[in-house]
Protein chains: 2
Amino acid sequence: MSSKPAIGFCGLGAMGFGMATHLVKSGYAVTGFDVWAPTLEKFAAAGGTPSSSLSDSAKDKAFYVCMVATAQQAQDAIFGAGGILEGLPNGATLYLCSTVPSAYAQGVEKELKERGRGDVYFVDAPVSGGAIRAADGTLSIMAGASDAAFEKGRFLLEEMSAPSKLFVVKGGVGAGSNMKMVHQVLAAIHILAVSESFGFAARLGLNGKEVREAVVGSQAWSWMFENRSVRTLSEDYFPGASAVTIVLKDAGIITSMGRLLNFPLPLCSITEQVYFSGVDRGFGPNDDAGLVRLWTSDPVSSIQNSFSEEDKKAKLKLVADLLIGIHLCAAAESLAFAKHVGIPLAQMYELVVEAAGGSAIFKEYATKMIPILEGKGGDTSVPESFFDGLKKAVQEAQNVKCPLYLGNGALSLLLQTGKAPSLKSLLGLYTSV
Amino acid sequence: MSSKPAIGFCGLGAMGFGMATHLVKSGYAVTGFDVWAPTLEKFAAAGGTPSSSLSDSAKDKAFYVCMVATAQQAQDAIFGAGGILEGLPNGATLYLCSTVPSAYAQGVEKELKERGRGDVYFVDAPVSGGAIRAADGTLSIMAGASDAAFEKGRFLLEEMSAPSKLFVVKGGVGAGSNMKMVHQVLAAIHILAVSESFGFAARLGLNGKEVREAVVGSQAWSWMFENRSVRTLSEDYFPGASAVTIVLKDAGIITSMGRLLNFPLPLCSITEQVYFSGVDRGFGPNDDAGLVRLWTSDPVSSIQNSFSEEDKKAKLKLVADLLIGIHLCAAAESLAFAKHVGIPLAQMYELVVEAAGGSAIFKEYATKMIPILEGKGGDTSVPESFFDGLKKAVQEAQNVKCPLYLGNGALSLLLQTGKAPSLKSLLGLYTSV
């Protein structure tokens, strides 16, 4: 065990704490820094070495993991007075695991050189998977770096990720962040879709438990739905596991990049606006599953109904069709964006189907969308039932005066493609195919 | 005066009461019906003859105006037991002035024939202009009917409308409702744009009075902005002049028709969803100018700031650019939809520029969009400043976490057109041009 190198770590939030303590459990001496003192005490109790300053936490550490919340925080932590760079020894490897714009990650590499610290091996390595997998060392990691940096630093990425979930993305620094970004297109949209579908179901008089039962395992399934719906049903929002503000930050990175690159992200933009309205309502620090409160203040698991089996089935189908329509358009939006920023689509597929952005629809239809995006043609048909089903869901929502931000956004896209939407015409709304 | 025919009238709401009492003032004997008794008393006080049933109100009336709120109410009023048709004499002229789907208006004509009342001259004649113009007899009226029905019934439309604001739309019954519908695309979007722009301005720290001063008379002007902003500044929402539920009903007609015809209406769909969220917040019966409360609970006219003139100008420009971007896309959405439903575009232009759907942008750019939609080519350029300005507004809104539902919807459309949006590419998102 003593052969394992000492690690510096900053940003001991829900994810960072799990990652750092996992490294401790794996036998590394980890020196950690966080601005919030109670976390440092907890970290010490878990076997870590708390540090009172960033530069101290980096002193003599050949490997340093930065897991702060935002690019701005990373900038201050790395380059600020008394920051990481002041302590980091020559030839150290620095991992930036925060979700940041790819342009920012590339900016860090450039600034290191400009400051005469071209000796630092820099790895752009955002992560995904949540606090539990962070603590288990089974995260998904999307990494971009020079070959030399990977040679030095790959072992630590392997420590923190599951064997099949370390994605080394071609393209150097920035490619990891871009992969994370296009994954988060799905994550952000799917998270809102969970609340929108439960909210719609509540307006239809369906009990949330019935909804979960109908969706999980069906074509309407998404990883987010299965994961978040547990908290939706128990109203476990305070704080729950993942705050609205976290996914909102990611949505902001996505839409900012869209504006920068002149790339349309209609569903993700809608999602971001609804998140803002959630923050306005005070839901920002709460679990994102709590966004269902934009639709109903009653617990969705307490709703009683006496529908016939047939009626209930018809209503549940509306909810499932809503999700299917959203997931289909989200798949198109994320894949077209991935193509635009140069992400290898096959690798993205491999990542998504096993990650938080996954859905049954993505699994099935991304395999058809990717050849179209790569100019190889192939099956481009969209089942008519998807289009009809989404239309009916939107119509019924109108009848019960239920806002369906994403449902209408997805339907607008399908309607833009003409009378008989195809995967090709849908993708063609984003990019030339 | 005695030569003027007796008129039957039902639906004495804000608009209907004004229309009916205007006819009374013009020397007609008007027999009116409404389900709400206090209104009937008021009507009697204004010189009308109240009636206690629909069939009585129609008895011996050669001309009958139906101004109820919805198609469902019209159906019950006209065809229900004890309804208008039971009283209406042979060869009477029946005006349906409610805003209804064109398909419904056509259905009335058909049902009249099916019920053996092909003798009734039916005029599809929705109106626009608000309660004050209703009472002045200076409404805009969009009328579709057979030549024979117009010959019989045109005089009464002239009584209720301003001389230049009676639009006889080619296409028979349904054409009037379609014209109203495409006009309401603009009205619905512009109404929400008023609140969105004031809400954004409030987040930027601008006082509402400064905003109104900057917008009215500028390129960001809309009829709705000038009209609604008076009530926004005085918080005159209870009930104000036009409830959210009224424009929401129109938005519902529009988006339902879009689904029926497979025509995309992304901005109007977004608008409808935000209206639903306003209804959820309890704002439905309040004036639609009160939707600004989705953004801020403080009175926008009480906001204090100490910005430099330069800073203030820059912030006001963001708000104006937001409106310009929305108005441009709303113009495209309404005109493309009008083409799709067969509305004569030149006539629509004439109507809109003098009506509640008007905007400075519509006035200038519709003249360029119409030739493109008619396949005649022409100037298709969009000032780069519109695109840049909208992007900057959306970026700043993201910085201050302010939802811009329409701003982002419009930007998504412009981004869909590629790097350099043109009017042609914008219209091409809706229809082949």
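The values are calculated or read from the model by the stated rules, or taken from the named source; none is laboratory data. Note that this is a predicted model, so its numbers are computed, not measured. Using ideal geometry, Cβ is built from the backbone for each residue, glycine included, and neighbour counts are taken over all protein chains shown. These area figures cover heavy atoms from the full protein model, side chains too; ligands, DNA and RNA do not enter into them. Shrake-Rupley method; radii C 1.70, N 1.55, O 1.52, S 1.80 Å.
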### Task
Collect the residues in the range B:118-139 that are of a type in the set (Val, Ile, Thr) and either open to solvent by 40 Å² or more (accessible area, probe 1.4 Å) or in a helix (DSSP H, G or I) (or both), keeping them in residue-number order.
B:132, B:138
### Query
Across the range B:375-433, which residue is nearest to the other protein chains (Cβ to nearest Cβ) among those that are open to solvent by less than 10 Å² (accessible area, probe 1.4 Å) and assigned to a loop (DSSP other than H, G, I, E, B)?
B:403
### Message
Can you tell me which residue is farthest from residue B:271 (Cα to Cα) among those in the range A:257-268 that are facing chain B (nearest Cβ under 7 Å), part of a helix (DSSP H, G or I) and open to solvent by 10 Å² or more (accessible area, probe 1.4 Å)?
### Response
A:259
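Restricting to the range A:290-317, give me the number of residues that are in a helix (DSSP H, G or I) and within 14 Å of chain B (Cβ to nearest Cβ).
If we filter the range A:290-317 for residues that are in a helix (DSSP H, G or I), which is where we start, we get A:290-294, A:300-302, A:309-317.
With within 14 Å of chain B (Cβ to nearest Cβ) added as a condition, the list becomes A:291-294.
Selection size over the range A:290-317: 4.
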### Task
For residue B:346, indicate whether it is closer than 29 Å to residue B:139 by Cα and crowded, with 17+ Cβ neighbours inside 10 Å.
no
### Message
I'm checking my understanding of the structure. Among residues of the range A:1-20 that are open to solvent by 10 Å² or more (accessible area, probe 1.4 Å) and in a helix (DSSP H, G or I), which one is modelled with the lowest pLDDT?
### Response
A:14
### Query
Would it be correct to say that residue A:94 is modelled with pLDDT of 95 or more and part of a helix (DSSP H, G or I)?
no
### Query
Which condition number in (1) in a loop (DSSP other than H, G, I, E, B); (2) touching a Gly at 6+ places or on another chain (Cβ under 7 Å); (3) among the acidic types (Asp, Glu) is the one that residue B:56 fails?
(1)
### Query
Of the residues in the range B:29-54, how many are open to solvent by 30 Å² or more (accessible area, probe 1.4 Å) and within 15 Å of residue B:13 (Cα to Cα)?
10
### Query
Is it the case that the range B:373-383 has a residue that's closer than 24 Å to residue B:261 by Cα and over 25 Å from the mean Cα position of the chain (by Cα)?
yes
### Task
May I ask you to say which residue of A:115, A:133, A:154 is among the basic types (Lys, Arg) and modelled with pLDDT under 95?
A:133
#### Entry: Residue tally, condition under 30 Å from the mean Cα position of the chain (by Cα) and open to solvent by 30 Å² or more (accessible area, probe 1.4 Å), over the range B:55-65
1
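Confirm whether residue B:370 is under 26 Å from residue B:273 (Cα atoms), part of a helix (DSSP H, G or I) and away from chain A (no Cβ under 14 Å). If you could, list the steps in order and put the result at the bottom.
Details: under 26 Å from residue B:273 (Cα atoms): no; part of a helix (DSSP H, G or I): yes; away from chain A (no Cβ under 14 Å): yes.
No, not satisfied.
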### Task
Looking only at the range B:281-321, count how many residues are open to solvent by 30 Å² or more (accessible area, probe 1.4 Å), in contact with a helix residue (DSSP H, G or I) (Cβ under 8 Å, 6 or more places away or on another chain) and among the acidic types (Asp, Glu).
1
### Message
Anything in the range B:279-289 that is within 17 Å of the chain's Cα centre (by Cα) and either within 7 Å of chain A (Cβ to nearest Cβ) or assigned to a helix (DSSP H, G or I) (or both)? List them, or say none.
### Response
B:288, B:289
### Task
Tell me which of these residue B:85 doesn't satisfy, since it passes every other one: (1) buried (at least 23 other Cβ atoms within 10 Å of the Cβ); (2) in contact with a Phe, Trp or Tyr (Cβ under 8 Å, 6 or more places away or on another chain); (3) under 23 Å from residue B:31 (Cβ atoms).
(1)
### Task
Test residue B:364 against the criterion of being under 30 Å from residue B:132 (Cα atoms), buried (at least 22 other Cβ atoms within 10 Å of the Cβ) and in the same structural domain as residue B:189 (by TED's automatic domain parsing), and give yes or no.
no
## Note on the structure
Of those in the range B:140-158 that are crowded, with 19+ Cβ neighbours inside 10 Å and not hydrophobic (A, V, I, L, M, F, W, C), the residue nearest to residue B:105 (Cα to Cα) is B:144
### Number of the condition not met by residue B:276 [criteria: (1) within 14 Å of chain A (Cβ to nearest Cβ); (2) farther than 19 Å from residue B:200 by Cα; (3) out of contact with any Pro (no Cβ under 7 Å at 6 or more places or on another chain); (4) part of a helix (DSSP H, G or I)]
(3)
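Determine if the range A:220-227 includes at least one residue that is open to solvent by 20 Å² or more (accessible area, probe 1.4 Å), free of Cβ contacts under 8 Å to residues at least 40 places away in the same chain and within 14 Å of chain B (Cβ to nearest Cβ). Talk me through it step by step, then tell me what you get.
Initially, the range A:220-227 is screened for residues open to solvent by 20 Å² or more (accessible area, probe 1.4 Å), giving A:221, A:223, A:226-227.
Imposing the further condition that a residue be free of Cβ contacts under 8 Å to residues at least 40 places away in the same chain reduces the set to A:226.
Still in the list and also within 14 Å of chain B (Cβ to nearest Cβ): none.
No, every residue in the range A:220-227 fails to be open to solvent by 20 Å² or more (accessible area, probe 1.4 Å), free of Cβ contacts under 8 Å to residues at least 40 places away in the same chain and within 14 Å of chain B (Cβ to nearest Cβ).
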### Task
Filter the range A:234-256 down to the residues that are open to solvent by less than 30 Å² (accessible area, probe 1.4 Å) and polar (S, T, N, Q), then identify the one that is nearest to the other protein chains (Cβ to nearest Cβ).
A:255
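If we keep just the residues of the range B:315-368 that are hydroxyl-bearing (Ser, Thr, Tyr) and under 19 Å from residue B:271 (Cα atoms), which is nearest to the chain's Cα centre (by Cα)?
Residues of the range B:315-368 that are hydroxyl-bearing (Ser, Thr, Tyr), as a first pass: B:334, B:349, B:359, B:365, B:367.
Filter once more, so that each one left must be under 19 Å from residue B:271 (Cα atoms): B:334, B:359.
Working: B:334: 12, B:359: 13 Å.
Here the answer is B:334.
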### Task
Mind listing just one residue for me: the one in the range A:1-59 that is touching a residue at least 24 places away in the same chain (Cβ under 8 Å) and of a type in the set (Val, Ile, Thr) and, of those, farthest from residue A:159 (Cα to Cα)?
A:39
### Task
Considering (1) more than 18 Å from residue B:139 (Cα to Cα); (2) modelled with pLDDT under 95; (3) aliphatic (A, V, I, L, M), say which one residue B:30 fails and leave the rest.
(2)
### Task
For residue B:72, work out the one condition from (1) modelled with pLDDT of 95 or more; (2) more than 26 Å from residue B:181 (Cβ to Cβ); (3) open to solvent by 60 Å² or more (accessible area, probe 1.4 Å) it doesn't fulfil.
(2)
### Summary
Subset of the range B:63-91, residues outside any helix (DSSP H, G or I), touching a residue at least 60 places away in the same chain (Cβ under 8 Å) and over 20 Å from residue B:152 (Cα atoms), comes to B:69, B:70
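Is it true that some residue in the range B:227-241 is in contact with a helix residue (DSSP H, G or I) (Cβ under 6 Å, 6 or more places away or on another chain) and aromatic (Phe, Trp, Tyr)? Walk me through how you get there before you give the answer.
Residues of the range B:227-241 in contact with a helix residue (DSSP H, G or I) (Cβ under 6 Å, 6 or more places away or on another chain): B:228-229, B:231-233, B:237, B:240.
Next, from what is left, pick out any that are aromatic (Phe, Trp, Tyr): B:237.
So far as the range B:227-241 goes, yes, one or more of its residues are in contact with a helix residue (DSSP H, G or I) (Cβ under 6 Å, 6 or more places away or on another chain) and aromatic (Phe, Trp, Tyr).
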